[in-house]
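Note sheet for the following structure.
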Amino acid sequence: MPFLHGFRRIIYEYQPLVNAVMRVVGIAEEESNNENSPEEESSRCSSLVKLLEQESQSEVFLEGISYALFKVAERGLVYAAKILLRYGADINFEGEHS
């Protein structure tokens, strides 16, 4: 589906990566609790790095992590945002924000 744009593109191409990132950092869309113990945060950092290493060859990697950056920043997860930026997330990404 190379000609999809906007919302449809998110759903079909990079939303699965965004969902995986959100699961790894412990956030489901309906959750609002961002409190993590230092041990939980360390474990989530390691899991996020592992996920990003596994997915780094994906054609939609940068788009997926850039959109995920928006989502984690929206929730104040600085540790996750730093990791995503280190892997090349675009702070100026203009994907569909929900």
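Sorting TYR12, TYR67, TYR87 by solvent-accessible area of protein heavy atoms yields TYR12, TYR87, TYR67, largest first, with a 1.4 Å probe.
Maximal additional length on extending the LYS82-ASN19 stretch stands at 20.9 nm, based on 0.36 nm per residue less the C-alpha distance. Each of SER46 and TYR12 was given a label point 7 Å from its Cα along the Cα-to-Cβ line. The distance between the two points is 3.9 nm.
Computed on region 47-98, the Cα convex hull volume stands at 74 Å³ per residue. Summed over the residues of region 44-94 and divided among them, the accessible surface reaches 55 Å² per residue at a probe radius of 1.4 Å. Label-to-label distance for ASN92 and GLN57 is 3.1 nm, based on points extended 7 Å past Cα in the beta-carbon direction.
The values are calculated or read from the model by the stated rules, or taken from the named source; none is laboratory data. Owing to the predicted nature of the structure, the values given are computational and were not obtained by experimental measurement. Cβ sites come from the backbone with ideal geometry, for glycine too, and all protein chains shown count toward neighbours. Ligands, DNA and RNA are stripped out before the accessible areas are found, and what is left, the full protein with its side chains, is counted by its heavy atoms. Shrake-Rupley method; radii C 1.70, N 1.55, O 1.52, S 1.80 Å.
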